[in-house]
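**Q** My questions will all concern the structure given below.
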Amino acid sequence: MAAQGTVDHKYVYAFAEGNKDQKDLLGGKGANLAEMTNLGLPVPPGFTLTTEACKAFLATGEEPAGLAEQLSVHLGRLEQAMGRRLGAPDDPLLVSVRSGAKFSMPGMMETVLNVGLNDRSVVGLARQAGGSADPTPSGGSADPTPSGDADRFAWDSYRRLIQMFGKTVCDVPGEAFEHALDDAKRAKGTTNDLDLDADDLRGLVDAYKRIFSEHTGREFPQDPREQLDLAIRAVFESWNAERAVVYRRQERIPADLGTAVNVVAMVFGNLGSDSGTGVAFTRDPASGAQGIYGDYLANAQGEDVVAGIRNTVPLQELKRVDEKSYDELLDYMARLEGHYKDLCDIEFTIERGKLWMLQTRVGKRTAAAAFVIAGQLVDEGLIDLDEALHRVNGAQLAQLMFPRFKLDHEFQPVARGIGASPGAAVGKVVFTSARAVELAGEGEAVILVRRETNPDDLNGMIAARGILTSRGGKTSHAAVVARGMGKTCVSGADELDIDIPGRRFTVAGQTIGEGDVVSIDGTTGNVYLGEVPVMPSEVVQYFEGELDPERTDDALVRAVHRIMTHADARRRLRVRTNADTAADAARARRFGAEGIGLCRTEHMFLGDRRELVERLILAREETERNDALGALLPLQRADFVKIFREMAGLPVTVRLIDPPLHEFLPPLEQLAVNVAVAQERGEDVAKEEALLAAVRRMHEQNPMLGLRGVRLGLVIPGLFAMQVRAIAEAAVECAKQGLGSGPEIMVPLVGAVQELETVRTEAEKIIAEVVGGSGVEVLIGTMIEVPRAALTAGQIAEAAQFFSFGTNDLTQMGWGFSRDDVEGAFFWRYLELGIFGISPFESIDADGVGRLVRIAAEEGRAARPGLKLGVCGEHGGDPDSVHFFHDVGLDYVSCSPFRVPVARLEAGRAAVETAGSDSR
């Protein structure tokens, strides 16, 4: 019975009916096939089942009403256009059935090739290809006919269908087919499947059919239409396959998009030496360099290239073997890049000298290539700087700030593969995805080593620092997925003899076992034994001021400088840093910070100052307490002077002490043990006993919601006053030296305006006394980190000159989470179930916590127009969160020094995207 939907709802589109802007409906692959068709490129005929059909099927488990009829109509038109019927015995039409979601998900969903082949149509396919008329399967009544290229091609195509259909549609273990293929090659005395002739492949088809029957309880389906229907259903269902779900979660792709299905007339690259298949890039996806890049594999189908089953040759080799197709391909590549105005990733097949374009899409690229290509396209007049800024992102910039290997004569590569995804990765060797996940969960850095990866390895690839394979090229599964995730990857290192069951590999006469350390360079493709030291990236050197972008030959540095300069010119949000020391402040300023948004004063009480904190806690008399505070005052003042000097001319927001005082003391259990041991030895324990009593007195069941922040300042007389005085005195001292900064005193954990009013009254008296006529201006504001503060922001704004959102605590209290406990306890399960798309501590929860921010911003400014608003939680450096804060209307974000460039870039992108949205 048909499911939801109406019979007249359109679920199937011919390629000529679509275009590249219909990715929501036709998926990326279908939309781009339609675009190439309309451009007049040689695309095999076909049609697309829409994402709406997929979503309707997944909602009920049944095909929507009208889909079967529309499928029959479009199949009939395809048969008419090709002059063949699907799976006909004499002259069969064969089709591929491929997934195609809106966003590229390489290898995560299913593909079935050669649909329509059966025991009868394989004969017709051999005739089409010029082979014998009666290639009967071994075990049949007729004698085997002489083998040839055409016969071999037909049987090779049939065995591929059974293998892909069995694994994809009927969940037959892929290893069963692989073992049968290995057995056939072993019997032939070869390791290359191209050495198997038609007779060998007939026998392999029989073996595959037996495997299929043993695992499914039925014979391999001989009805071509049944094959097609089941293949389409399998592609729909693959949207919710575990690896697809994991990939979407990793790449933050919405789960409700569904996938389209593309049914395309088969063209064959495995017809002989004048046929082949390949993948091409209009620019180098690893570096962005202009030129001809890609892989080609003669006498093969496209899945052989992507799977990395056989090692490819560079695309330039095609010119030598088929110059006509090579020249046509270059022409089409130039046309597509000019049309899409971006790097294009192209899949093609050559069938007996005829070039067919099977797919194009805007190509995945490394972070370095993204910046370089964006700059090149501006120079070529294809895009403007706003569009260039839109095409890069903060996550890519963060990748470019990773270190790289520092090599000398001690480190010689033992193998070299293809640098498929750049970076420097060091870790312990593991050979299975499960082991990678296990060791990474224990805090170990691991390198996942495989002959080739497949979609089932995704969890291990996510867990690993890097991926190393002995097969495949720049377009293999490992390479494409690693580039998308920003993981270092070396593929096609064929000098490695990898023994997966034995958990070891041999190279250069040495055996490397699981747990041994290797280092891989995803730029050069080099593989090293042992741990190679690393050095900063050139992008970090640029931000540090060590590389002049006007004088360097480094294309990446020039591109980053150009785009960052434009981002700074376009952004409205200012970017500050979180810094507690002069060194951090200096580095952040070099990285482009425009002030400090969070200076945590509690960090200044650590180290050799703990004794003063102990004196403060143990003080029983006011004089003792004042002595302790008096000793801390010059130390705090000196700290602030150093920071203000580094930030001369820029604002510095200083948060008064926030954590409970007992956090500066030894844990209760440790003190109790120390006292007991000392008593046993007869030692004087008066001081330790006093400390123990104080810690017990201050012990709280939930200290994060207890005596901390503003409450601490109100309970311990003189504590906040000492800090306010230190800040004001430091500001005056720096102003006298011409190094004035704009200090902003931030009161933490305010939940009621009366708390802030009490602190402000005392602080203003001290500031007036210290500042006098120096001209120094000191602002007083508060953190908005308690939900009640956000909901009463209008009242609090009457007493605050600025708000800074402490989104870490606001998230904890808004969700009712204890961050130190929940992330390891159950967040993994919430992510697995889709309750979170990402941890709310990593990226702002726009619907919940974000709404509190928006309410506080709106009500605060309604009460005090022009109220300065910022954010100083870790979200201030998260790319998605920066866009949210721009939209809310904050004045600045603040983040760690290394995240400052990321925030600058994203603030520029947010401004450009807002302007683009407004213009539309």
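**Q** So, of the residues in the stretch 387-400 that are open to solvent by less than 40 Å² (accessible area, probe 1.4 Å) and aliphatic (A, V, I, L, M), which turns out to be modelled with the lowest pLDDT?
**A** The extreme case among them is 398.
**Q** Need the failing condition index for residue 472 against (1) touching a Lys or Arg at 6+ places or on another chain (Cβ under 8 Å); (2) buried (at least 21 other Cβ atoms within 10 Å of the Cβ); (3) not hydroxyl-bearing (Ser, Thr, Tyr), just the number.
**A** All conditions are met except number (1).
**Q** Among the listed residues 581, 565, which satisfies the condition of being touching a His at 6+ places or on another chain (Cβ under 9 Å) and polar (S, T, N, Q)?
**A** 581
**Q** Is one or more of the residues making up the stretch 305-313 touching a residue at least 12 places away in the same chain (Cβ under 8 Å) and assigned to a strand (DSSP E or B)?
**A** Within the stretch 305-313 (the criterion being touching a residue at least 12 places away in the same chain (Cβ under 8 Å) and assigned to a strand (DSSP E or B)), the answer is yes, since at least one residue qualifies.
**Q** Let me ask you something else. Of the numbered conditions (1) among the small types (Gly, Ala, Ser); (2) in a helix (DSSP H, G or I); (3) open to solvent by 10 Å² or more (accessible area, probe 1.4 Å), residue 107 fails exactly one; give the number of that condition.
**A** (2)
**Q** Within the stretch 26-47, track down each residue that is assigned to a helix (DSSP H, G or I), open to solvent by 30 Å² or more (accessible area, probe 1.4 Å) and not polar (S, T, N, Q).
**A** 29, the sole residue that qualifies.
**Q** Taking residue 294 as meeting all but one of (1) at pLDDT 90 or above; (2) closer than 30 Å to residue 59 by Cα, write down the number of the exception.
**A** Going through the list (1) at pLDDT 90 or above; (2) closer than 30 Å to residue 59 by Cα, residue 294 breaks only (2).
**Q** Does residue 161 meet the test of being at pLDDT 90 or above, assigned to a helix (DSSP H, G or I) and under 21 Å from residue 91 (Cβ atoms)?
**A** Here the answer is yes, as residue 161 does meet what is asked.
**Q** Residues 101, 81, 65: which one is farther than 29 Å from residue 251 by Cα, modelled with pLDDT under 95 and open to solvent by less than 40 Å² (accessible area, probe 1.4 Å)?
**A** The unique qualifying residue is 65.
**Q** Now for a separate question. Residues of the stretch 323-346 being assigned to a helix (DSSP H, G or I), of a type outside the set (A, V, I, L, M, F, W, C) and open to solvent by 50 Å² or more (accessible area, probe 1.4 Å), which ones?
**A** 323, 324, 327, 328, 331, 335, 339
**Q** If only one of 874, 785, 859 is open to solvent by 10 Å² or more (accessible area, probe 1.4 Å) and either farther than 30 Å from residue 649 by Cα or at pLDDT 95 or above (or both), which one is it?
**A** Only one candidate qualifies: 859.
**Q** So in the stretch 888-920, with the set limited to residues that are open to solvent by 10 Å² or more (accessible area, probe 1.4 Å), in contact (Cβ under 8 Å) with a residue 12 or more places away in the chain and of a type in the set (Ser, Thr, Tyr), which one is nearest to residue 591 (Cα to Cα)?
**A** This residue is 896.
**Q** Quick one: count up the residues across the stretch 639-693 that are within 38 Å of the chain's Cα centre (by Cα) and among the polar types (S, T, N, Q).
**A** Qualifying residue count, the stretch 639-693: 1.
**Q** For the stretch 535-542, check the following and say yes or no: at least one residue is over 26 Å from residue 655 (Cα atoms) and assigned to a loop (DSSP other than H, G, I, E, B).
**A** Yes - at least one qualifying residue is present in the stretch 535-542.
**Q** Name, by its number, the condition in (1) modelled with pLDDT of 95 or more; (2) part of a helix (DSSP H, G or I) that does not hold for residue 222.
**A** Going through the list (1) modelled with pLDDT of 95 or more; (2) part of a helix (DSSP H, G or I), residue 222 breaks only (2).
**Q** Output the number of residues of the stretch 225-259 satisfying the condition of being in a loop (DSSP other than H, G, I, E, B), out of contact with any Phe, Trp or Tyr (no Cβ under 8 Å at 6 or more places or on another chain) and either among the small types (Gly, Ala, Ser) or buried (at least 23 other Cβ atoms within 10 Å of the Cβ) (or both).
**A** Number satisfying all stated conditions: 3.
**Q** Follow-up question, since we're still on this one. Does the stretch 878-887 include one or more residues that are in contact with a helix residue (DSSP H, G or I) (Cβ under 7 Å, 6 or more places away or on another chain) and crowded, with 24+ Cβ neighbours inside 10 Å?
**A** There is at least one residue in the stretch 878-887 that is in contact with a helix residue (DSSP H, G or I) (Cβ under 7 Å, 6 or more places away or on another chain) and crowded, with 24+ Cβ neighbours inside 10 Å.
**Q** I've got another one for you. Yes or no: residue 350 among the β-branched types (Val, Ile, Thr), in contact (Cβ under 8 Å) with a residue 40 or more places away in the chain and open to solvent by less than 30 Å² (accessible area, probe 1.4 Å)?
**A** yes
**Q** Out of the residues in the stretch 198-219 that are free of Cβ contacts under 8 Å to residues at least 60 places away in the same chain and surrounded by 17 or more Cβ atoms within 10 Å (Cβ to Cβ), which is farthest from the chain's Cα centre (by Cα)?
**A** In this case the residue turns out to be 200.
**Q** Does residue 204 count as in a helix (DSSP H, G or I) and closer than 26 Å to residue 106 by Cα?
**A** no
**Q** Restricting to the stretch 347-396, give me the number of residues that are more than 23 Å from the chain's Cα centre (by Cα), assigned to a helix (DSSP H, G or I) and of a type in the set (S, T, N, Q).
**A** 1
**Q** Give the stretch 583-637 a look and list any residue that's among the hydroxyl-bearing types (Ser, Thr, Tyr) and either in contact with a helix residue (DSSP H, G or I) (Cβ under 9 Å, 6 or more places away or on another chain) or open to solvent by less than 70 Å² (accessible area, probe 1.4 Å) (or both), or say none.
**A** 601
**Q** Counting only residues that are modelled with pLDDT of 95 or more, among the β-branched types (Val, Ile, Thr) and open to solvent by 10 Å² or more (accessible area, probe 1.4 Å), how many does the stretch 513-552 have?
**A** Of the residues in the stretch 513-552, 1 are modelled with pLDDT of 95 or more, among the β-branched types (Val, Ile, Thr) and open to solvent by 10 Å² or more (accessible area, probe 1.4 Å).
**Q** Let me ask another. Sort out which residues of the stretch 470-518 are closer than 28 Å to residue 294 by Cβ, of a type in the set (S, T, N, Q) and either more than 29 Å from the chain's Cα centre (by Cα) or outside any loop (DSSP other than H, G, I, E, B) (or both), and write them in order of number.
**A** Within the stretch 470-518, 488, 491 qualify.
**Q** Same structure again: When the residues of the stretch 553-582 are narrowed to those that are of a type outside the set (Lys, Arg) and open to solvent by 60 Å² or more (accessible area, probe 1.4 Å), which ends up farthest from residue 637 (Cα to Cα)?
**A** The extreme case among them is 553.
**Q** Part of a loop (DSSP other than H, G, I, E, B), free of Cβ contacts under 8 Å to residues at least 12 places away in the same chain, loosely packed, with under 15 Cβ neighbours inside 10 Å and not basic (Lys, Arg): does that describe residue 21?
**A** Against the criterion (part of a loop (DSSP other than H, G, I, E, B), free of Cβ contacts under 8 Å to residues at least 12 places away in the same chain, loosely packed, with under 15 Cβ neighbours inside 10 Å and not basic (Lys, Arg)), residue 21 qualifies.
**Q** Open to solvent by 30 Å² or more (accessible area, probe 1.4 Å), modelled with pLDDT of 95 or more and on the phi < 0 side of the Ramachandran plot, is that true of residue 833?
**A** No, not satisfied.
**Q** If only one of 270, 262 is farther than 20 Å from residue 489 by Cα, at pLDDT below 95 and surrounded by 18 or more Cβ atoms within 10 Å (Cβ to Cβ), which one is it?
**A** 270
**Q** Filter the helices (runs of 4 or more DSSP H) completely within the stretch 623-729 down to those with at least 1 residues that are of a type in the set (S, T, N, Q) and free of Cβ contacts under 8 Å to residues at least 12 places away in the same chain.
**A** Helices (runs of 4 or more DSSP H) meeting the threshold: 668-680.
The values are calculated or read from the model by the stated rules, or taken from the named source; none is laboratory data. Given the structure is predicted, the values throughout are model-derived calculations rather than measurements. Here the Cβ is made from the backbone with ideal geometry for all residues, glycine too, and neighbour counts use every protein chain on show. Accessible surface areas use protein heavy atoms only, side chains included; no ligands, DNA or RNA. Shrake-Rupley method; radii C 1.70, N 1.55, O 1.52, S 1.80 Å.
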